[in-house]
1. Checking the conditions here, which among 70, 3, 110 is in contact with a strand residue (DSSP E or B) (Cβ under 8 Å, 6 or more places away or on another chain), surrounded by fewer than 19 Cβ atoms within 10 Å (Cβ to Cβ) and closer than 21 Å to residue 176 by Cβ?
2. Can you report the number of residues in segment 126-174 which are in a strand (DSSP E or B), in contact (Cβ under 8 Å) with a residue 60 or more places away in the chain and closer than 23 Å to residue 13 by Cα?
3. Filtering segment 79-104 down to residues that are in a loop (DSSP other than H, G, I, E, B) and closer than 18 Å to residue 141 by Cβ, which residue is farthest from the chain's Cα centre (by Cα)?
4. Please go through segment 146-186 and pick out each residue that is surrounded by fewer than 12 Cβ atoms within 10 Å (Cβ to Cβ), closer than 21 Å to residue 82 by Cβ and out of contact with any strand residue (DSSP E or B) (no Cβ under 7 Å at 6 or more places or on another chain).
5. Can you tell me how many residues in segment 18-60 are farther than 28 Å from residue 109 by Cβ and surrounded by fewer than 16 Cβ atoms within 10 Å (Cβ to Cβ)?
6. So which of 29, 61 ends up being farther than 18 Å from residue 177 by Cβ, assigned to a helix (DSSP H, G or I) and within 15 Å of the chain's Cα centre (by Cα)?
7. Within segment 7-17, is there a residue that is over 23 Å from residue 168 (Cβ atoms), part of a loop (DSSP other than H, G, I, E, B) and either in contact with a strand residue (DSSP E or B) (Cβ under 9 Å, 6 or more places away or on another chain) or at pLDDT 95 or above (or both)?
């Protein structure tokens, strides 16, 4: 399948998930993530705010606050451009691009860490850690810029097992992830 066909296939699969399945799989994946040495040693977590049937990150955000970690979430700042901002509570979020909750940048500080543990969203992944996002290139551009600025990013993707396929058609600008966590395995 090409990228367009794969995106359509995965979106169809995700739309068939029940709320109970999303909650159950999210809990399993959250528990696996929180047990990682990468989480325990991180000072800051960059993560997405879940939308539709994405793996829910809310418990990770709350646990990170409880553990004294900084949490940063993205805001769309232009075509293909995101920036991360620190949040310390849910009240600092507001509906933004695509009606996804985003940080209220009038009251929040831009994140500028040099060693980052990032939870990346995506539609499809393969066993070689390739990723297909939602088509905007937001994360690819952010990571490329961070690399240019000599930042270190450990990239972790959350996925349902059906989102992991054998191979993905990639392009030179596509950023790989370091670890993929599904309800069944860590790749």
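The values are calculated or read from the model by the stated rules, or taken from the named source; none is laboratory data. Since this is a predicted model, take the numbers as computed values, not measurements. Neighbour counts run over all protein chains shown; Cβ positions are idealised from the backbone, glycine included.
1. Among 70, 3, 110, only 3 is in contact with a strand residue (DSSP E or B) (Cβ under 8 Å, 6 or more places away or on another chain), surrounded by fewer than 19 Cβ atoms within 10 Å (Cβ to Cβ) and closer than 21 Å to residue 176 by Cβ.
2. So the answer is 4.
3. Restricting to residues being in a loop (DSSP other than H, G, I, E, B) and closer than 18 Å to residue 141 by Cβ, the top hit is 79.
4. Hits for segment 146-186 are 148, 149, 150, 171, 172, 173.
5. 11
6. From the options 29, 61, the qualifying one is 61.
7. No, because not a single residue in segment 7-17 is over 23 Å from residue 168 (Cβ atoms), part of a loop (DSSP other than H, G, I, E, B) and either in contact with a strand residue (DSSP E or B) (Cβ under 9 Å, 6 or more places away or on another chain) or at pLDDT 95 or above (or both).
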